[in-house]
Amino acid sequence: MNDDWFGVSVAPAGDGLAVIGAQFDAAAATNSGIAHLFSQATPTLAIVPVSSDQATLSWTPDFPGFVLQETDTLAPANWTISASGYTNPIGVPTSKPLRSFRLIKP
């Protein structure tokens, strides 16, 4: 594995994707090499006020598998899955106390 030459070739593949080569990968026991496809793209969370008591949370691009979490405090953080979970976009009331949101891929 140390002699695979992983990273000897790297190429962008569009939309946040990259192909990384390992010239001598021995996965097939032949040192024939392999290409790995990696995605570094992550969604961006946006919060847009809709009215004085409502906001919309959305993320783009809408990658599958990301879940919205929220917490009332960051010290220490107590992240829980938001009631909306995987729904994109969602409406949230702004009348509640301060909350923080994040996207994770469990």
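The values are calculated or read from the model by the stated rules, or taken from the named source; none is laboratory data. All values reported here derive from a predicted model rather than from experimental measurement. Every residue, glycine among them, receives a Cβ derived from its backbone with ideal geometry; neighbour counts consider all protein chains shown.
Taking the stated definitions as given, is ASP25 acidic (Asp, Glu), at pLDDT below 85 and loosely packed, with under 14 Cβ neighbours inside 10 Å?
On the way: acidic (Asp, Glu): yes; at pLDDT below 85: yes; loosely packed, with under 14 Cβ neighbours inside 10 Å: no.
The answer is no for ASP25.
Filter region 52-100 down to the residues that are at positive phi and among the charged types (D, E, K, R) and list them by number.
From region 52-100, those at positive phi are 65, 85; that's our starting set.
Once the filter is applied, which keeps residues that are at positive phi and among the charged types (D, E, K, R), region 52-100 yields nothing.
In region 39-103, which strands (runs of 3 or more DSSP E) lie fully inside it and hold 3 or more residues that are within 19 Å of the chain's Cα centre (by Cα)?
Working: elements: 44-51, 54-60, 67-71, 90-93.
Result: 44-51, 54-60, 67-71.
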